[in-house]
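Reading through the structure tokens given below for one structure.
The values are calculated or read from the model by the stated rules, or taken from the named source; none is laboratory data. This is a predicted model, so every value here is computed, not measured. Note that each Cβ is placed from the backbone with ideal geometry, even for glycine, and that neighbours are counted across all protein chains shown. Surface areas here come from the heavy atoms of the whole protein model, side chains and all, with no ligands, DNA or RNA. Shrake-Rupley method; radii C 1.70, N 1.55, O 1.52, S 1.80 Å.
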Amino acid sequence: MLSSYISPAVITSVEGRKSMMKLAERMVLSFCSGVGASTAHAWTTLSPMGPGPDNVRVMTRKSVDDPGRPAGIVLSAAISFWLPIPPKRVFDFLRNENSRNEWDILSNGGQVEEMAHIANGRDPGNSVSLLRVNNANSSQSNMLILQESSTDTVGSYVIYAPVDLMAMNVVLNGGDPDYVALLPSGFAILPDGPDIGVVVFRISLTPSSTPPWKESRPRSHVTIRDPRPGLGYEGGGLK
């Protein structure tokens, strides 16, 4: 199986570490630039169509001749919400692979294993990780998750993207990471007092495919899961 190509002792060279860090840096920059709007790419607020969040905003961009992003229309959806929970607890919950199946649709309910870990600062929460989902869904056997998490007194983020296993093998052997297609999603966590956090969640995908990877038939719509129950806002794991 493809998943056997990568073992937990995954980064064996300085070149591989540098390539993985460079790929993570591009992922974070892409996420941050995607959150911002411009005259050409503006956010649109969706009207509620039943129970659920009422401040979801969407943006579409067209990707052409960009080797670092899947070709076609890229859909981004974002929501911000307030949590009466200390920001550090929210950050630790989101970055922990053991709680990931409580909120991340990429996990599809399976257990998530950390395959590689690169520290990126003094705080143990500042790191770049390579994750693998372990479940019986064969469609995910060629998918890994690249994640970067960072925290300081100003705020925190957890940003991630599905990555192709074969492409990641090239990166871990010191290959050029610029040609690895990325659609980053993630969370920005902003403190609003010691025990309150404001969370901004953004997800990116192509309308013709559904995370974690590819569908056999394109769909005419996509479903965005409200992340708040999994974050403990409505009885989830943080309480």
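No other residue among 72, 50, 34 is modelled with pLDDT under 70 and open to solvent by less than 30 Å² (accessible area, probe 1.4 Å) apart from 72.
Inside region 90-115, can you point out the residues that are open to solvent by 40 Å² or more (accessible area, probe 1.4 Å) and among the basic types (Lys, Arg)? Within region 90-115, 95 is the sole residue that qualifies. Counting the residues of region 78-89 that are out of contact with any Ser or Thr (no Cβ under 8 Å at 6 or more places or on another chain) and crowded, with 18+ Cβ neighbours inside 10 Å gives 4. If you filter region 116-131 down to residues that are farther than 16 Å from residue 94 by Cβ, touching a strand residue (DSSP E or B) at 6+ places or on another chain (Cβ under 9 Å) and not in a strand (DSSP E or B), you find that the one that is most open to solvent (accessible area, probe 1.4 Å) is 120.
Selection of region 17-37 for residues being hydrophobic (A, V, I, L, M, F, W, C) and touching a helix residue (DSSP H, G or I) at 6+ places or on another chain (Cβ under 8 Å) yields 20, 23.
Residue 212 meets the conditions (1) more than 19 Å from residue 115 (Cα to Cα); (2) modelled with pLDDT under 80 in every case but one. The failed one is (1).
Could you tell me whether region 175-187 includes any residue that is part of a helix (DSSP H, G or I), open to solvent by 40 Å² or more (accessible area, probe 1.4 Å) and acidic (Asp, Glu)? Walk me through it before giving the result.
Within region 175-187, the subset part of a helix (DSSP H, G or I) is 177-179.
Going one step further and asking which of them are open to solvent by 40 Å² or more (accessible area, probe 1.4 Å), we end up with 178-179.
Filter again for acidic (Asp, Glu), leaving 178.
Yes, region 175-187 contains a residue that is part of a helix (DSSP H, G or I), open to solvent by 40 Å² or more (accessible area, probe 1.4 Å) and acidic (Asp, Glu).
One residue alone among 199, 222, 171 is farther than 20 Å from residue 99 by Cβ and at pLDDT 80 or above, and that residue is 171.
Summed over region 143-162, residues that are more than 15 Å from residue 185 (Cβ to Cβ) and either open to solvent by 30 Å² or more (accessible area, probe 1.4 Å) or not in a loop (DSSP other than H, G, I, E, B) (or both) total 6.
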